[in-house]
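Notes for the one structure printed next.
The values are calculated or read from the model by the stated rules, or taken from the named source; none is laboratory data. Keep in mind that what you see is a predicted model, and the values were worked out from it rather than measured. All Cβ positions, glycine included, derive from the backbone under ideal geometry; neighbour counts span all protein chains shown.
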Amino acid sequence: MSSKAPFIDGHDVLPSAIYDITQRCGQTIHINTSLASKSKQLIEMCGRDIQSDLQRFKYGRVGAVFLSIFTPCSNSNDNVLSLFDIVTQITEASSSVALVTTHSQLWGAYRRGKIAALIGLEGGHMIKDSLANLRQFYRLGARYMTLTHDCHTSWAVSCCDPNPYSDSLEYGLNAFGRSVVSEMNRLGMIIDISHTAEETMKEVIQISKAPVIFSHSNPRAKCNHIRNVPDNVLELLKEKDGLIMVTYAPHLVSEEERIAHQEINSQNNNSLITNQKIREWQSSHDSERSSLRHVVEMIKYLKTLFGGTTNIGIGSDFNATPFTSKGLEDASKHVKLITALIKDGFSDEEVLQISSLNFLRVFHEVEKIANLETSVNH
């Protein structure tokens with residue numbers, strides 16, 4: 001892996017996974033020790049394990065990672081401060097990690113040999129229809145917000161909520177939603193449109209003054225999940241210099257696995273039974289299940305669609321589900337993706353763009369737009 005710039009993972013839900021396991025299963029998680037040895041125990045007790053820790057970040061040659069804070073739509077933001085506190089605990093657990101909030105701080109941490117930890121907020125429902133809450137989360141260190149999760153908000157349409165939404169959201173956002181976009185531009189907060197509906201994606205890309213990202217999504221043409229992104233939206237994203245960060249989440253990577261997950265989920269209401277059946281399917285469908293090879297194919301498809309690699313990044317979505325792609329089971333395996341891309345003919349410069357430089361460009365541009373907004377308003 002290149003030493004010229006840090007490998008950046010745009011989406012790891014580690015804080016929420018730690019919260020879930022400690023609250024639901026009473027397990028104490030020490031992030032500065034290897035948790036790989038506890039995997040079987042955690043799966044048996046909690047139905048899930050932890051897919052990243054400081055040791056595995058180091059093995060995977062991770063230079064920067066967005067630790068994404070997520071609360072279910074039903075909880076709104078009831079435990080969000082506890083999740084910010086977990087991020088603080090992670091960054092204080094080792095001198096090899098630094099919490100950063102700016103492009104220059106990220107570079108500074110990397111040059112000092114530290115892992116740069118950034119905070120992402122996964123779901124606009126957490127701001128509770130309040131720009132004041134948005135600003136406060138920014139002050140606490142959040143540097144991107146995913147506008148929706150799997151529920152509509154009063155101001156933006158989600159891709160994944162079967163419930164009807166307000167007539168005012170016909171084009172994806174209403175007036176308050178557009179003010180959220182404007183305020184994020186002013187603050188210098190990256191706008192993430194993973195989990196949003198197609199009409200929301202299009203409107204946000206068009207009205208945002210700064211480039212936007214999909215922090216953990218794939219091209220829908222390769223895996224027909226509603227969470228993935230249609231080609232027409234990807235073409236608009238390229239026009240606006242945005243970024244799609246390819247995810248390892250198996251149901252978003254392999255079409256065969258997507259179908260299997262959908263069928264198993266439709267037949268079972270019990271999550272423990274569902275999870276067991278999905279694991280059984282993975283074990284018996286080795287060539288069809290999501291894998292490192294599928295992720296490389298995603299990136300190759302995007303390179304062809306975009307005519308280059310300047311709009312592609314990586315957003316693993318580790319710790320969001322108990323299931324992983326073969327060959328990319330945890331954060332120590334990031335380096336295997338880099339090796340696979342090089343073996344597949346990607347140049348060193350293209351790999352550097354995908355793993356680091358493209359996100360850094362977007363982050364820097366978002367900050368520049370915010371600084372310009374500030375100077376104009378003064």
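Which one is surrounded by the fewest Cβ atoms within 10 Å (Cβ to Cβ) among residues in segment 342-365 that are touching a helix residue (DSSP H, G or I) at 6+ places or on another chain (Cβ under 8 Å), of a type outside the set (Ser, Thr, Tyr) and in a helix (DSSP H, G or I)?
First, pick out the residues of segment 342-365 that are touching a helix residue (DSSP H, G or I) at 6+ places or on another chain (Cβ under 8 Å): 342, 344, 346, 348, 350-351, 354-355, 360, 363-364.
Going one step further and asking which of them are of a type outside the set (Ser, Thr, Tyr), we end up with 342, 344, 346, 348, 350-351, 354, 360, 363-364.
Still in the list and also in a helix (DSSP H, G or I): 342, 348, 350-351, 354, 360, 363-364.
Values: Ile342: 14, Asp348: 11, Glu350: 19, Val351: 21, Ile354: 27, Leu360: 18, Phe363: 25, His364: 16.
Per the criteria, the residue is Asp348.
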Name the single residue, out of those in segment 8-25 being acidic (Asp, Glu) and within 26 Å of Arg361 (Cβ to Cβ), that is nearest to the chain's Cα centre (by Cα). Asp12
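Out of the residues in segment 121-168 that are assigned to a loop (DSSP other than H, G, I, E, B) and among the β-branched types (Val, Ile, Thr), which is surrounded by the fewest Cβ atoms within 10 Å (Cβ to Cβ)? Give the steps one after another, and end with the answer.
Taking segment 121-168 as the starting set, the residues that turn out to be assigned to a loop (DSSP other than H, G, I, E, B) are 123, 128-130, 140-141, 147-155, 157, 159-166.
If we keep only those that are among the β-branched types (Val, Ile, Thr) too, we end up with 148, 153, 157.
Details: Thr148: 29, Thr153: 27, Val157: 25.
So the residue we want is Val157.
Among the residues in segment 304-326, are any among the aliphatic types (A, V, I, L, M), buried (at least 21 other Cβ atoms within 10 Å of the Cβ) and over 18 Å from the mean Cα position of the chain (by Cα)?
Let us first name the residues in segment 304-326 that are among the aliphatic types (A, V, I, L, M), namely 305, 312, 314, 320.
Going one step further and asking which of them are buried (at least 21 other Cβ atoms within 10 Å of the Cβ), we end up with 312, 314, 320.
Then keep just the ones that are over 18 Å from the mean Cα position of the chain (by Cα); that gives none.
No: segment 304-326 contains no residue that is among the aliphatic types (A, V, I, L, M), buried (at least 21 other Cβ atoms within 10 Å of the Cβ) and over 18 Å from the mean Cα position of the chain (by Cα).
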With criteria (1) out of contact with any Asp or Glu (no Cβ under 7 Å at 6 or more places or on another chain); (2) closer than 16 Å to Ile191 by Cα, Ile259 comes up short on (2)
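Where in segment 18-105 are there helices (runs of 4 or more DSSP H), lying wholly inside it, with at least 1 residues that are at pLDDT below 75?
Working: elements: 39-46, 54-59, 80-92.
Qualifying helices (runs of 4 or more DSSP H): 39-46.
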Could you grab me the full set of residues in segment 198-210 that are in a loop (DSSP other than H, G, I, E, B) and surrounded by fewer than 22 Cβ atoms within 10 Å (Cβ to Cβ)? Ser208, Lys209
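Having 1 or more residues that are closer than 18 Å to Cys159 by Cα is the bar; report the helices (runs of 4 or more DSSP H) wholly within segment 222-324 that clear it.
Details: elements: 231-239, 255-267, 271-284, 292-306.
Filter on segment 222-324 gives 231-239, 255-267.
Residue-by-condition table, conditions (1) among the small types (Gly, Ala, Ser); (2) in contact with a strand residue (DSSP E or B) (Cβ under 6 Å, 6 or more places away or on another chain); (3) on the phi > 0 side of the Ramachandran plot; (4) at pLDDT 95 or above:
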{"site": "Glu280", "(1), (2), (3), (4)": "no, no, no, no"}
{"site": "Asp286", "(1), (2), (3), (4)": "no, no, no, no"}
{"site": "Ser291", "(1), (2), (3), (4)": "yes, yes, no, yes"}
{"site": "Met298", "(1), (2), (3), (4)": "no, yes, no, yes"}
{"site": "Lys303", "(1), (2), (3), (4)": "no, no, no, yes"}
{"site": "Gly307", "(1), (2), (3), (4)": "yes, no, yes, yes"}
{"site": "Thr310", "(1), (2), (3), (4)": "no, no, no, yes"}
{"site": "Phe318", "(1), (2), (3), (4)": "no, yes, no, yes"}
{"site": "Pro322", "(1), (2), (3), (4)": "no, no, no, no"}
Contact list please: Cβ distance under 6 Å, first residue in segment 180-201 and on the phi > 0 side of the Ramachandran plot and at pLDDT 95 or above, second residue polar (S, T, N, Q) and surrounded by fewer than 24 Cβ atoms within 10 Å (Cβ to Cβ), pairs at least six apart or on different chains. none
Would you mind finding the one in His152, His125 that is modelled with pLDDT of 95 or more, under 21 Å from the mean Cα position of the chain (by Cα) and over 18 Å from Val65 (Cβ atoms)? His125
Residue by residue through segment 213-235, note down the ones that are under 24 Å from Arg139 (Cβ atoms) and free of Cβ contacts under 8 Å to residues at least 40 places away in the same chain. none
Filtering segment 86-108 down to residues that are out of contact with any His (no Cβ under 8 Å at 6 or more places or on another chain) and either aromatic (Phe, Trp, Tyr) or touching a residue at least 60 places away in the same chain (Cβ under 8 Å) (or both) yields Ile86, Val87, Ile90, Ser94, Thr102, Leu106, Trp107
Report whether or not Leu67 is touching a Gly at 6+ places or on another chain (Cβ under 9 Å), within 20 Å of Gly188 (Cβ to Cβ) and either surrounded by fewer than 22 Cβ atoms within 10 Å (Cβ to Cβ) or of a type in the set (Ser, Thr, Tyr) (or both). no
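If you check Tyr171 against the conditions, is it surrounded by fewer than 21 Cβ atoms within 10 Å (Cβ to Cβ), touching a strand residue (DSSP E or B) at 6+ places or on another chain (Cβ under 9 Å) and either among the basic types (Lys, Arg) or assigned to a loop (DSSP other than H, G, I, E, B) (or both)?
Working: surrounded by fewer than 21 Cβ atoms within 10 Å (Cβ to Cβ): yes; touching a strand residue (DSSP E or B) at 6+ places or on another chain (Cβ under 9 Å): no; either among the basic types (Lys, Arg) or assigned to a loop (DSSP other than H, G, I, E, B) (or both): yes.
It is false that Tyr171 is surrounded by fewer than 21 Cβ atoms within 10 Å (Cβ to Cβ), touching a strand residue (DSSP E or B) at 6+ places or on another chain (Cβ under 9 Å) and either among the basic types (Lys, Arg) or assigned to a loop (DSSP other than H, G, I, E, B) (or both).
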